[in-house]
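Structure, as structure tokens:
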Amino acid sequence: MKIKHSKPYIIIIITMMIYAWLYQTHYLEIVDHKVYDFFTKRYDFKKDEKNKIEPSVVIVEIDKKSIDSLGQWPWPRIITANLIEKIHKVHPAVIGVNIMFRHPDKSSPVTISKFYQNYLNYNLKISGLDKKFFDNDKILTQALKNSKSVLPILFGNTDQLLKNCTLKSTLTSALKDTSTLYSASSILCNMKEFQNAACAVGFINTTIDSDDIVRKTPLFIKYKDTIVPSFALATLLCVDKKIEFPSKNSISLLGHDFKINDASEVSLYFYKPSRYKHVSAIDILDGSVFMQMFTGKIVLIGTSVIGATNEHMVAKGYMLSGTDISATVIENILNDHIIWQPNFMKSINLLIAFLISIIMTLLLYKNKNYLFAFLYLSIFVVSFVIVVITFQYGIYLRPTYLWVPILIHLGLLSLVLFYVYNKEKKLYYEELSNSHAAALESMVLVAGIKDFETGAHLKRTKEYIKILAQYLQKHDMNKEDISEYFLENIYHSAPLHDIGKVGIPDAVLQKPGKLTDQEFAIMKKHPKLGMEIISDAMKSYPKNNFLKTAYNITYYHHEKWDGSGYPLGLKGEKIPLEARLMALVDVYDALISRRCYKDAFTFEDAERIIISQSGKHFDPIIVDAFIMVKDGFRDIALRHH
């Protein structure tokens, strides 16, 4: 089907406006998140098929088992210090301690002693305990200093967080040229001695999309004049401080190159849960694990007890703790699994979609329907294959910005085609209706050739029946629904009511005097003759409502309300509505018309006779309607005489 009823350039302009609007909104970004999830759940990196790469990170969990053994969280910091020291002894690459230490340890002996002194004025003496165990915070500080450990900080933009914090500049000075869209005005830190003792600090903030799913995370956040790395990146920088920025959105670290977006975020490839190596903290403390498993590894310590940690839904559809997400960032960098989502692909895909839309519109305009369908299918198949292949090599080409605009354009074309189809259909039916009307006029002329008065009678009766039925419809006077379709059908089929007279001999039809009983019996055959003519047509079109209406009018218009009519003697509402209407208008016109065997009645006399036959010859409701429109009947009679 062509779209020549709508100029193609109009469709192209509308398409361009829609695409420009889409580019300005976030709707495509939301859909793109879901498409990204689809690929992350179904396609793995070619470099990581069947998870053959040995994990570089081991996660030490302060889990339910540990809490049940050592008591509620937080523990005395001497236990945490002991945990760090045990791991440090087997020479891990670095230890990331994903636990905040904001306040002094209240379980420390020195803190307990101060409490009794300050609040109870009692000098508590602790005997039998080596002084090196008096201050848990000093013990933890020493453990952090001896080991290569990283601590977390939390950024925000609220007055509820601190605005001042000691940040070590040794690791951040190299990052000052990094561009970032994220900045923070407040910060939540550890105690100063802990942060000074740590190898580095890094933020634990992550990016949570509008649907509460983590798909990416920032590597840098600007705080005042300092560029601070994330907890995961700070952990890697403690292994090797050398970090390079070959270009604005490129990073080189530990021999691995990867891309970040303009907001300094990296899109993450989440592994199957079995990929993450977890060890319970209590198993390390009681010596029940093979400690050499930590040698050369990046060790992250974090909590996994509900209420003590935050978990996030990730793109693959399962929950991960903040420590697990940090482990994912580290593994992604070390295994070259960071997913690059080129921001410029949004604009490129939209441009490609627009060019394709122009081509497709012109193809449809030129009636190249098969080529149109083939190219549309090819575009989706080829682009899908390309996206799958590139995704397996760590590049996500943002296909939503191609597919969704093309689908919207297809929907727009469908609306245009629907409009064109309905317009052509309407024109077709108008032509068909005109053809039917012409055919009816020809049939009416057949009757008119035999009897001029009868031909004029046919023209008037269709006007009578229409205004009578319209009045019933407008005032809801009839039990049966009278639709516009019904009105059209009775208007066009009314002239056929006497079509059976073509089978009546001229000697009877044109007799100048009163008919004999035998002649009248012949005349009474015309309803059946007309019915047979229409029945033949209905054999080819059995469901045609127009022919059904014509059938009822032709066959039953001489039936009477009281059952005294012919040919079947039907009574009351058993007579079809269209036949009851035709009965009245047929008699009315016969009364006011001059025939070779009688003079015309006056309008008043004809009206009086019609009204007197209410409930006898005619339906009383139809007679009531006639009384209201009788002036309209007079106008029609005068116009067509």
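What the Cβ-Cβ distance of Met319 and Asp476 gives, at R0 = 56 Å and to the nearest 0.05, is a FRET efficiency of 0.30. Each Lys and Arg contributes +1 and each Asp and Glu -1, all at the Cβ; summed about the Cα centre of the chain, the dipole is approximately 1640 debye. Overall, the accessible surface of the chain at a probe of 1.4 angstrom is composed of carbon and sulfur to the extent of 57 percent. Each peptide in 211-218, 12-19 gets a packing score, the mean of other Cβ atoms within 10 Å over its residues, and the list from highest to lowest is 211-218, 12-19. With 0.36 nm allotted per residue and the present C-alpha distance subtracted, the Tyr419-Ile395 stretch has 4.5 nm of extension available. Backbone amide hydrogens, once placed in the peptide plane, bring Val279 within less than 5 Å of Ile59, Val60, Glu61, excluding anything fewer than 5 places away on its chain.
Extension gain for Leu487-Tyr9 works out to 167.9 nm (0.36 nm per residue, less the C-alpha to C-alpha distance).
Considering helices alone, the calculated mean residue ellipticity of the chain at 222 nm is -16500 deg cm²/dmol, with DSSP H runs of length four and up weighted by -39500 (n - 2.57) and normalised per residue.
Residues in the chain average 51 Å² of solvent-accessible surface per residue, probe 1.4 Å, ligands and nucleic acids excluded. Computed extension length for Ala507-Ile611: 34.1 nm, one decimal, from 0.36 nm per residue of separation with the Cα-Cα distance subtracted.
For segment 461-525, the calculated P(r), taken from all Cα-Cα distances in 5 Å bins from zero up to the bin holding the longest distance, is 3, 15, 19, 14, 11, 11, 12, 11, 5 percent. The C-alpha atoms of segment 490-619 occupy a region whose extents along the principal axes are 43, 34, 25 Å, arranged from largest to smallest. Sorted on the mean count of surrounding Cβ atoms within 10 Å across their residues, most packed first, peptides 245-258, 321-334, 517-530, 135-148 read 321-334, 135-148, 517-530, 245-258. Close amide H partners of Ser250, meaning residues 5 or more places away or on another chain with modelled amide H under 5 Å apart, are Ile260.
Spin-label model, Thr602/Asp212: points 7 Å from Cα along the beta carbon direction are separated by 8.9 nm.
Considering only alpha-carbon pairs that sit under 8 angstrom and 6 or more positions apart, the relative contact order computed for the chain is 14 percent. Expressed per residue, the C-alpha convex hull volume of the chain stands at 286 Å³. Kindly list the residues of segment 555-582 that lie in the label zone of Lys524, defined by a backbone N under 15 Å from the point 7 Å along the Cα-to-C-beta vector. Those under the cut-off are 556-560, 563-570.
Peptides 604-617, 71-84 ordered by packing proxy, namely the average of other Cβ atoms within 10 Å per residue, highest first: 71-84, 604-617.
The modelled label-to-label distance between Ile126 and Ile627, using points 7 Å beyond Cα along the C-beta direction, is 11.2 nm. The mean sequence separation of alpha-carbon pairs under 8 Å and at least six residues apart, normalised by the residue count of segment 506-641, gives a relative contact order of 19 percent. FRET efficiency for the pair Lys89 and Leu351, taken as 1/(1 + (r/R0)^6) with r the Cβ-Cβ distance and R0 = 60 Å, rounds to 0.55.
The values are calculated or read from the model by the stated rules, or taken from the named source; none is laboratory data. All values reported here derive from a predicted model rather than from experimental measurement. As a convention, Cβ positions derive from the backbone with ideal geometry for all residues, glycine included, and neighbour counts pool all protein chains shown. These area figures cover heavy atoms from the full protein model, side chains too; ligands, DNA and RNA do not enter into them. Shrake-Rupley method; radii C 1.70, N 1.55, O 1.52, S 1.80 Å.
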